[in-house]
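A.B. asks: Just dropping this structure here.
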Amino acid sequence: MGVANGERTGTRILTLLAAPLNALILSKLSQGPRRLVELRRETGSPQTTLRAHLKELSEVGAIAKRRLHPFPSVREYVLTNPGSELRFVATTLEAWLAKDPGEPLPLGGDAARAEVKALVEGWSSKMLRALAGGPVTLAEIDETIESLSHQSLERRLAGLRRAGLVTGGSGQDRSTRYEVTERLRQGIAPLVAAIRWERKHLTEVTAPVTPVDAETGLLLAIPPLRLPAEMSGSCRLGVEFDECGERRLVGVTVSVEEGRIVSCTTRLDSSPGSWATGPAAAWLRVAIEADPSRLELGGNQRLARALLDELNRALFPPRLI
């Protein structure tokens, strides 16, 4: 099992969890070990289908099979430590689906699968990066993504619109301009959870975090944040990458006026009022655990810390941790 051509970080695990049986198996095993016959009865799945999903979860290290003493011919399935952590990813995904503006989407339903597929395909194609910068036309997206055909981009954009992750409106030139919805911005949470799990447990066989991933995540997650009204100033949020032995910094510069974020741009201010800088792993720790200890903070640290705290609260409310 290696990194698939064109696969991007986080997508393998989200795709795995979008299959309802995988999440159900994890849920059942979180209650204790189960034999195959017990899992078949509790999930209502045919044995052949169940075995295929158990194999898939075993391959990523989420579950293991052990012999029952004193009956060596009888085996049971157990949840591993990585499997327990994968339950957190599943819970985050379920929480996002439950907040659908139409009605809660149960994981495993057709609407939920379509929404997860749209999110994964938008992320994989880098279409979300094109959309994250502001309203754009399909032609403008086409110009920035050379790896996919116009028809493929059109199909993915249609999937994002049907899922309510993107909306379109006419611009002054009468062309349709597309922009992300609040629903899509909230979808960064399951992506971040899946990325952290992959980088921790499937490092050798899944894609690493890239500068494009970092920019996209920050551009989508930061603008909706609301800070205390007394907060004003600028803050550079930078993610460090080592490229051929040289340090590369990507991220966003955020301008705050009386608690409102008035701009969020990838043009990194060389002399911001405050800053927070660190590797991608440190940013994942901040987003999920509200732990900035591995970031370098400078300038007006009160503003920087307020942004980091609010990022965590927006993506991962206490009930999810």
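The values are calculated or read from the model by the stated rules, or taken from the named source; none is laboratory data. All of these numbers come straight from a predicted model, not from anything done at the bench. Note that each Cβ is placed from the backbone with ideal geometry, even for glycine, and that neighbours are counted across all protein chains shown.
A.B. asks: Can you go through 159, 168 and tell me which one is outside the structural domain of residue 215 (by TED's automatic domain parsing), more than 14 Å from the chain's Cα centre (by Cα), surrounded by fewer than 22 Cβ atoms within 10 Å (Cβ to Cβ) and not in a helix (DSSP H, G or I)?
C.D. replies: On the way: 159 fails: not in a helix (DSSP H, G or I).
Checking each option against the conditions leaves just 168.
Here's the yes/no breakdown for (1) closer than 17 Å to residue 188 by Cα; (2) free of Cβ contacts under 8 Å to residues at least 60 places away in the same chain:
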{"position": "283", "(1), (2)": "yes, no"}
{"position": "286", "(1), (2)": "yes, yes"}
{"position": "290", "(1), (2)": "yes, yes"}
{"position": "294", "(1), (2)": "no, yes"}
{"position": "300", "(1), (2)": "no, no"}
{"position": "304", "(1), (2)": "no, no"}
{"position": "308", "(1), (2)": "yes, yes"}
{"position": "311", "(1), (2)": "yes, no"}
{"position": "316", "(1), (2)": "yes, no"}
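A.B. asks: Sticking with this one: Among (1) outside any helix (DSSP H, G or I); (2) out of contact with any Cys (no Cβ under 8 Å at 6 or more places or on another chain), there is one condition residue 282 misses while meeting the rest; what is its number?
C.D. replies: For residue 282, the exception is condition (1).
A.B. asks: Is it the case that some residue within segment 166-174 is in contact (Cβ under 8 Å) with a residue 60 or more places away in the chain and over 20 Å from residue 303 (Cα atoms)? Please lay out each step first, then the result.
C.D. replies: Taking segment 166-174 as the starting set, the residues that turn out to be in contact (Cβ under 8 Å) with a residue 60 or more places away in the chain are none.
No, every residue in segment 166-174 fails to be in contact (Cβ under 8 Å) with a residue 60 or more places away in the chain and over 20 Å from residue 303 (Cα atoms).
A.B. asks: Would you mention how many residues in segment 219-249 are hydrophobic (A, V, I, L, M, F, W, C) and in contact with a Gly (Cβ under 6 Å, 6 or more places away or on another chain)?
C.D. replies: Here is the first cut: in segment 219-249, the ones hydrophobic (A, V, I, L, M, F, W, C) are 219-222, 225, 227, 229, 231, 235, 237, 239, 241, 244, 249.
Subsequent filtering for residues that are in contact with a Gly (Cβ under 6 Å, 6 or more places away or on another chain) retains 227, 229, 231, 237, 239, 249.
Within segment 219-249, residues that are hydrophobic (A, V, I, L, M, F, W, C) and in contact with a Gly (Cβ under 6 Å, 6 or more places away or on another chain) number 6.
A.B. asks: OK, next. Which condition breaks for residue 74 when tested against (1) modelled with pLDDT of 95 or more; (2) in a strand (DSSP E or B); (3) hydrophobic (A, V, I, L, M, F, W, C)?
C.D. replies: Here residue 74 meets the rest and fails (1).
A.B. asks: Considering (1) out of contact with any helix residue (DSSP H, G or I) (no Cβ under 6 Å at 6 or more places or on another chain); (2) more than 19 Å from residue 207 (Cβ to Cβ); (3) loosely packed, with under 15 Cβ neighbours inside 10 Å, say which one residue 147 fails and leave the rest.
C.D. replies: Residue 147 satisfies all of (1) out of contact with any helix residue (DSSP H, G or I) (no Cβ under 6 Å at 6 or more places or on another chain); (2) more than 19 Å from residue 207 (Cβ to Cβ); (3) loosely packed, with under 15 Cβ neighbours inside 10 Å except (2).
A.B. asks: Please list, ordered by first then second residue, the pairs with beta carbon atoms under 6 Å, 6 or more apart or interchain, first in segment 136-161 and more than 21 Å from residue 181 (Cβ to Cβ), second of a type in the set (S, T, N, Q).
C.D. replies: Qualifying pairs under 6 Å: 148/125.
A.B. asks: Considering only helices (runs of 4 or more DSSP H) fully contained in segment 105-154, which possess at least 2 residues that are modelled with pLDDT of 90 or more and closer than 30 Å to residue 24 by Cβ?
C.D. replies: On the way: elements: 110-124, 127-132, 138-144.
Result: 110-124.
A.B. asks: Name the single residue, out of those in segment 255-279 being among the polar types (S, T, N, Q) and touching a Cys at 6+ places or on another chain (Cβ under 9 Å), that is farthest from residue 242 (Cα to Cα). Steps first, answer last, please.
C.D. replies: Let us first name the residues in segment 255-279 that are among the polar types (S, T, N, Q), namely 255, 263, 265-266, 270-271, 274, 277.
Remaining after also requiring touching a Cys at 6+ places or on another chain (Cβ under 9 Å): 255, 274.
Working: 255: 27, 274: 23 Å.
The extreme case among them is 255.
A.B. asks: Something else: Checking the condition in contact (Cβ under 8 Å) with a residue 40 or more places away in the chain, surrounded by fewer than 19 Cβ atoms within 10 Å (Cβ to Cβ) and of a type outside the set (A, V, I, L, M, F, W, C), which residue from 228, 211 passes? First the steps, then the outcome.
C.D. replies: Values: 211 fails: in contact (Cβ under 8 Å) with a residue 40 or more places away in the chain.
Going through 228, 211 in turn, just one is in contact (Cβ under 8 Å) with a residue 40 or more places away in the chain, surrounded by fewer than 19 Cβ atoms within 10 Å (Cβ to Cβ) and of a type outside the set (A, V, I, L, M, F, W, C): 228.
A.B. asks: Here's something else I'd like to know. Looking only at helices (runs of 4 or more DSSP H) that lie completely in segment 174-234, which have at least 2 residues being more than 19 Å from residue 127 (Cα to Cα) and either modelled with pLDDT of 95 or more or in the same structural domain as residue 82 (by TED's automatic domain parsing) (or both)?
C.D. replies: Correct list: 188-201.
A.B. asks: While we're looking at this one, here's another question. Could you identify the single residue in 246, 257 that is over 28 Å from residue 197 (Cβ atoms), of a type in the set (D, E, K, R), modelled with pLDDT under 95 and more than 20 Å from the chain's Cα centre (by Cα)? It would help to see each step written out before you state the result.
C.D. replies: On the way: 257 fails: modelled with pLDDT under 95.
It is 246.
A.B. asks: Taking segment 76-114 as the region of interest, how many residues are over 13 Å from the mean Cα position of the chain (by Cα), surrounded by 15 or more Cβ atoms within 10 Å (Cβ to Cβ), of a type outside the set (A, V, I, L, M) and over 12 Å from residue 20 (Cβ atoms)?
C.D. replies: Number satisfying all stated conditions: 8.
A.B. asks: Here's another thing I want to ask about it. Looking at this structure, is residue 294 part of a loop (DSSP other than H, G, I, E, B) and over 21 Å from residue 228 (Cα atoms)?
C.D. replies: Numbers: part of a loop (DSSP other than H, G, I, E, B): yes; over 21 Å from residue 228 (Cα atoms): yes.
Against the criterion (part of a loop (DSSP other than H, G, I, E, B) and over 21 Å from residue 228 (Cα atoms)), residue 294 qualifies.
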